[in-house]
1. Which one is surrounded by the most Cβ atoms within 10 Å (Cβ to Cβ) among residues in segment 79-97 that are within 13 Å of the ligand (Cβ to nearest atom) and among the aliphatic types (A, V, I, L, M)?
2. If you take the residues of segment 98-155 that are under 20 Å from ALA174 (Cβ atoms) and free of Cβ contacts under 8 Å to residues at least 40 places away in the same chain, which of them is surrounded by the fewest Cβ atoms within 10 Å (Cβ to Cβ)?
3. Quick check on segment 119-158: of everything there that is in contact with a His (Cβ under 9 Å, 6 or more places away or on another chain) and part of a helix (DSSP H, G or I), which residue is farthest from MET196 (Cα to Cα)?
4. Would a scan of segment 62-73 turn up a residue that is away from the ligand (no atom under 15 Å from the Cβ) and not in a loop (DSSP other than H, G, I, E, B)?
5. Would you be able to say whether some residue in segment 169-186 is among the aromatic types (Phe, Trp, Tyr) and either farther than 21 Å from CYS87 by Cβ or within 12 Å of the ligand (Cβ to nearest atom) (or both)?
6. Can you give me the number of residues within segment 196-240 that are basic (Lys, Arg) and either under 16 Å from ASN143 (Cβ atoms) or in contact (Cβ under 8 Å) with a residue 40 or more places away in the chain (or both)?
7. Any residue at all in segment 3-11 that's at pLDDT 95 or above and near the ligand (Cβ under 7 Å from one of its atoms)?
8. Given the residues ALA58, ALA76, which is the only one that is over 12 Å from the mean Cα position of the chain (by Cα), part of a helix (DSSP H, G or I) and more than 13 Å from the ligand (Cβ to nearest atom)?
Amino acid sequence: MAGDLEGKVGLITGGGSGIGRETALLFAREGARLVVSDVNPESGGETVELVQRAGGEAVFIRCDVAKGSEVEALVAATVEAYGRLDCAFNNAGIEGDTRATTITCTEENFDLNIEVNLKGVWRCMKYEIEQFLRQGSPGAIVNTSSLAGLVGVPRGNAYVAAKHGVIGLTKTAALEFAKQDIRVNAVCPGAIETPMLNRIVGGSEKGYEMMRKMEPVGRLGKPSEIGEAVVWLCSDRASFVTGLAMSVDGGSYAQ
Ligand code: NAP
């Protein structure tokens, strides 16, 4: 039976770890050939090996999404590798300073959050959509926002601002290119067990326990649970879905 992404070429940023890595494995499971990209060549290369070991087809291309020239080159290299681009998961992100309040947040922390988490997504969309238009074919983009893109989080002002911004960018691009059959959606993960979350809780069991207690379902999410939503949004099964900010959070946003 053909997979949901059979014949498609995918691109994933932040593919070296956590949500990006698991989504890469799911893209391959569903039949996509893909480019795994990350700022970190070691972890990105490991993801490619995992995909290949599972029988999938992937190459690694390094890219820092905070640099426009690197993002432009990433999309060009994807087309060079596979001839086209059909779906992209703009997922690279950082947590920044998770202790700073509105008054203790530094200019550097604010700027870094915006450069990577917000402008990084815009840069990816800019070159990906240009490529879709050049091909004259439909395309699907999923951007990683967050539960923090929908609600405020004390001590997260710059991250929250960037992730709210991702939803605005998503809705705008969705409307701008709807007529060309280019769909643009966002996922808003709740607390997902990844290296980023481990850094946020300081690796402590007490920290994890506190997190679990806040979850309606009583547990944290798995990276693959985000990946499954991304696969669906990228697939033709979601052909009438665009401009959506989809919570994948075990019910947290419903509280
Ligand atoms: P992760 O395990 O830290 O993975 C993020 C990946 O992005 C890492 O491989 C990281 O490389 C890479 N990266 C960082 N800065 C980059 C840049 N400038 N250019 C390209 N790649 C870069 O985190 P994750 O939890 O999987 O997070 C993935 C996305 O989900 C992020 O956008 C995050 O904000 C979002 N999210 C996560 C959660 C959660 O609970 N985990 C919840 C909501 C939203 P290095 O490791 O080398 O820095």
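1. ALA92
2. Per the stated criteria, the residue is GLY136.
3. GLY149
4. So far as segment 62-73 goes, no, none of its residues is away from the ligand (no atom under 15 Å from the Cβ) and not in a loop (DSSP other than H, G, I, E, B).
5. no
6. Qualifying residue count, segment 196-240: 3.
7. For segment 3-11, residues at pLDDT 95 or above and near the ligand (Cβ under 7 Å from one of its atoms): absent.
8. When all the criteria are applied, what remains is ALA76.
The values are calculated or read from the model by the stated rules, or taken from the named source; none is laboratory data. Because the structure is predicted, anything quoted here is derived from the model rather than measured. Every residue, glycine as well, gets a Cβ built from its backbone with ideal geometry; the counts of neighbours run over all protein chains shown.
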